[in-house]
Each structure stands twice: as C-alpha cells, then as structure tokens.
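Enquirer: Below: one structure in structure tokens.
The values are calculated or read from the model by the stated rules, or taken from the named source; none is laboratory data. Bear in mind the structure is a predicted one, so any value in this text is a computation, not a measurement. Neighbour counts run over all protein chains shown; Cβ positions are idealised from the backbone, glycine included.
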Amino acid sequence: MYNYFLMTSEPTLTEHSPILTGKNFLGSLDLTPQSYRKVMDTAHAMKRSEFRGLKPLEGQTLAMIFEKASLRTRTTFDVAMYQLGGHSITLSNAEIGLGVRERVSDVAKNLERWVDGIMARVYLQTTLLELAQHCRVPVINGLSDSLHPVQLLADYQTLEERFGNPSGLKITYLGDGNNMANSHIEMSVLTGSDVTICTPVGYEPNGGILLNALAAGAKIKLTHSIDEALSGCQVLYTDVWISMGQEAEAERKRRAFAGYCVTPQMLERILPDGIFLHCLPAHYGEETVPEATEHPKSAVFDQAENRLHAQKALLYHLMAGQTARW
Ligand code: CP
Ligand code: NVA
C-alpha cells in the first residue's frame with residue numbers, strides 16, 4: 001500500500017484513502033453510489049487545493065491512446081498526472097494503429113509492462129473491454145461511441161457545486177441519443193438524479209442501457225416534446241448532433257434536429273436558478289449558439305474546468321494504492 005498518508009502532515013486527508021485501486025473505469029456503473037461519493041468528495045477537496053504539494057502518483061505513468069481528436073480530455077489527463085506527481089504519454093492512433101498495426105490485446109500486453117494505467121479514447125466500447133481484459137493496470141474510458149463517463153464525473157461535480165446532492169435533480173438532456181445521453185442514463189442509476197432525454201424520433205439512446213437503468217429503478221423519461229423537456233428543468237444539457245465519426249450523416253441529422261438548438265430564448269424557459277451545460281466542443285449554429293454558452297445561466301466553462309479536478313480524483317483512487325514500478 002502506498003504510504004503517503006503516513007508521510008503527510010495533513011491528517012484529514014486520511015478520509016481520502018484510495019478505494020478503487022487497480023480497477024477499471026469503463027462506464028459510470030463501474031462505480032457504486034458509495035465509491036461515487038468518495039471520488040466526488042476527493043474531487044471537491046482537490047479543487048480546494050487540499051492535495052497541493054502531495055505527489056501520490058509519483059513514479060507512475062499513464063498511457064493515453066487517442067483514436068479520435070481531443071482538447072479537454074487530453075489536456076486534463078496530462079495536467080492531472082503532472083499535478084499528482086506522475087507522468088503521461090500520448091499515443092495517437094496514427095502512431096500505434098490500434099487493432100490495425102497491432103492487435104488490441106498485444107498493445108495491452110505491451111503497455112502493462114511499462115505503464116501503470118491506460119486511458120483510451122476509442123470508437124468501440126469493445127476495444128476498451130479488450131484492453132482491460134489483456135492488461136493488469138487500470139483502463140479508463142476517455143470516450144467511446146457508447147459512453148463518456150469521465151465527462152459525467154466533471155458534470156456531476158459541477159451540479160454538486162450548484163445544487164448539492166444530485167438525487168432528484170431534474171436534468172434534461174436535449175439532442176442526440178449518443179454517448180453523452182447514454183452516460184446521463186447511467187449517472188441517473190448511480191445518483192438518483194431525475195433525467196429526461198429529449199430526442200427527435202429515431203435518435204433515442206441505447207435501448208439496452210436504458211432498459212438496464214429502468215430495471216435498476218432509475219428515474220428516466222424519454223420524450224420527443226421539447227416543451228415537456230423544458231418544463232421544470234433545472235439543468236439543460238446538450239451535445240453535438242454529429243459526433244466524431246458520424247460526419248457522413250451530417251446533412252440528414254441537421255434536418256432531423258431542427259428546433260433542438262439551445263438559444264438564450266430556450267434558457268429563459270428553464271427554472272430561474274437553472275443552468276446550461278455542454279460537454280464541448282460546441283458546433284455553433286447547430287445544437288447551440290455562442291450567446292447560450294456565454295449566457296448567465298451557462299456553467300459550461302466551470303464544467304470544463306472540473307474535467308481536471310474530477311479526473312485527478314479518479315486517477316488518484318484508481319492508481320494511488322499501486323506500487324510505483326521504478
Ligand atoms: N468534452 C470532451 O471530451 O472534450 P474533448 O473531445 O476536447 O476531449
Ligand atoms: N458526442 C460527442 C462528444 C464529444 C466530447 C462525440 O462523441 O463526438
């Protein structure tokens with residue numbers, strides 16, 4: 001067990017003892033309500049600079065694989081590893097050719113000999129499962145076509161800052177039933193938030209994820225009515241209509257999503273203390289406009305900041321209990 005708690009002069013940090021050592025984080029439901037609480041408490045503490053100067057990941061390295069582009073995920077994981085005393089390596093798909101130049105399982109079996117954790121942004125969720133199956137270090141989902149769970153940790157940190165406990169919070173996700181919508185559904189299972197997903201017909205979220213969530217008792221509503229979705233809404237969330245890899249569908253989707261653009265006028269229709277979130281990047285002129293992300297109800301840049309704090313907390317809980325290998 002890493003013994004930094006014995007070395008620190010801050011006895012209160014013992015309440016942040018790592019609780020997910022060596023585990024994977026491939027979806028939000030890899031957390032339990034209890035471990036979610038611990039990760040969030042650590043994220044809030046890290047944002048308050050309570051870990052400043054500590055190096056709980058000293059000597060550890062995170063490999064970051066990117067099959068797709070990224071600003072926030074790449075930067076925040078890199079900065080997070082640095083601030084925790086560790087190091088990161090970015091591996092673009094042009095370099096490693098995941099599953100093309102080399103089998104995914106062989107990439108995993110090589111990386112585990114050198115690094116202490118892997119974060120991967122991929123197309124297929126099965127690629128993450130394959131990486132995790134073939135290596136003994138934590139694998140973190142940095143976005144797949146199915147889920148974007150690290151984004152949701154930052155989102156819920158932002159919600160907790162604004163509203164406290166997210167249980168019962170009325171969240172409307174307006175837009176494409178994509179990886180973000182699926183992850184919102186999983187977070188409802190984890191936290192008890194009250195999630196409405198509003199999409200055009202034919203663009204609903206993943207049926208399996210939805211059915212599992214409903215079976216677990218989650219408060220999820222699907223609708224195609226924007227009026228219904230905005231009524232009583234405390235948190236309005238949107239995402240791009242055309243996700244990375246879907247460029248060929250752009251014209252058809254732009255037609256299907258007419259009326260789904262989040263504008264300042266739409267923000268006037270949510271509750272007076274309601275907020276607007278967007279994972280970014282924004283495709284301005286499609287799902288939203290600059291006047292909405294810059295609106296007083298917008299918390300999108302706080303949300304982006306929280307990518308750093310939430311992921312630092314996640315990395316800490318997954319990796320701080322590991323013995324550095326050098
Ligand atoms: N929100 C998000 O994941 O941003 P990037 O695609 O820039 O990483
Ligand atoms: N749904 C978007 C999220 C980007 C952070 C995509 O997959 O491109």
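Enquirer: Can you find, within the range 76-99, the residue that is nearest to the chain's Cα centre (by Cα) among those that are closer than 15 Å to Pro56 by Cα and surrounded by fewer than 17 Cβ atoms within 10 Å (Cβ to Cβ)?
Expert: Checked the range 76-99; the qualifying residue nearest to the chain's Cα centre (by Cα) is Val79.
Enquirer: Let me ask you something else. Residues to consider are Asp176, Asp155; find the one that is within 16 Å of ligand 2 (Cβ to nearest atom) and either in contact with a Lys or Arg (Cβ under 9 Å, 6 or more places away or on another chain) or hydroxyl-bearing (Ser, Thr, Tyr) (or both).
Expert: Within the list Asp176, Asp155, the selection yields Asp176.
Enquirer: Can I ask one more? Against the conditions (1) of a type in the set (Ser, Thr, Tyr); (2) out of contact with any strand residue (DSSP E or B) (no Cβ under 6 Å at 6 or more places or on another chain); (3) touching a residue at least 24 places away in the same chain (Cβ under 8 Å), where does Thr293 fall short? Just the number, please.
Expert: Single failed check for Thr293: (3).
Enquirer: Among the candidates Leu230, Leu271, Leu211, which residue alone is more than 16 Å from ligand 2 (Cβ to nearest atom), touching a strand residue (DSSP E or B) at 6+ places or on another chain (Cβ under 7 Å) and under 24 Å from Leu169 (Cα atoms)?
Expert: Leu230
Enquirer: While we're looking at this one, here's another question. On the basis of being over 19 Å from Phe25 (Cβ atoms), more than 16 Å from ligand 1 (Cβ to nearest atom) and of a type outside the set (Ser, Thr, Tyr), does Arg136 make the cut?
Expert: The answer is no for Arg136.
Enquirer: While we're on this one: Scan the range 66-104 for residues that are assigned to a strand (DSSP E or B) and either within 16 Å of ligand 2 (Cβ to nearest atom) or touching a His at 6+ places or on another chain (Cβ under 6 Å) (or both) and jot them down.
Expert: Phe66
Enquirer: Taking only pairs six or more apart or across chains, which ones have beta-carbon atoms under 6 Å, a first residue in the range 170-184 that is farther than 11 Å from Trp241 by Cα, and a second residue that is assigned to a strand (DSSP E or B) and near ligand 2 (Cβ under 10 Å from one of its atoms)?
Expert: Filtered contacts from the range 170-184: no entries.
Enquirer: Still on this structure, I have one more. Say whether the condition of being crowded, with 24+ Cβ neighbours inside 10 Å and closer than 22 Å to Gln34 by Cα is met by at least one residue in the range 194-202.
Expert: yes
Enquirer: Restricting the first residue to the range 243-254 and requiring it to be at pLDDT 95 or above, which pairs with a second residue that is of a type in the set (Val, Ile, Thr) and within 14 Å of ligand 2 (Cβ to nearest atom) meet a Cβ separation below 6 Å and a spacing of at least six or different chains?
Expert: What qualifies is Ala250/Ile242; Lys253/Ile242.
Enquirer: Does Leu211 satisfy being surrounded by fewer than 19 Cβ atoms within 10 Å (Cβ to Cβ), of a type in the set (A, V, I, L, M, F, W, C) and more than 17 Å from Leu271 (Cα to Cα)?
Expert: Taking the combined requirement at face value, the residue satisfies it.
Enquirer: Right, another one. What number of residues within the range 41-53 are touching a residue at least 24 places away in the same chain (Cβ under 8 Å) and either surrounded by fewer than 21 Cβ atoms within 10 Å (Cβ to Cβ) or in a strand (DSSP E or B) (or both)?
Expert: Number satisfying all stated conditions: 5.
Enquirer: Search the range 298-326 for residues being in contact (Cβ under 8 Å) with a residue 60 or more places away in the chain and not in a helix (DSSP H, G or I), and hand back the single one that is farthest from Glu160 (Cα to Cα).
Expert: The residue in question is Trp326.
Enquirer: Return yes or no: is Gln125 within 15 Å of the chain's Cα centre (by Cα) and under 20 Å from Asp78 (Cβ atoms)?
Expert: In short, no.
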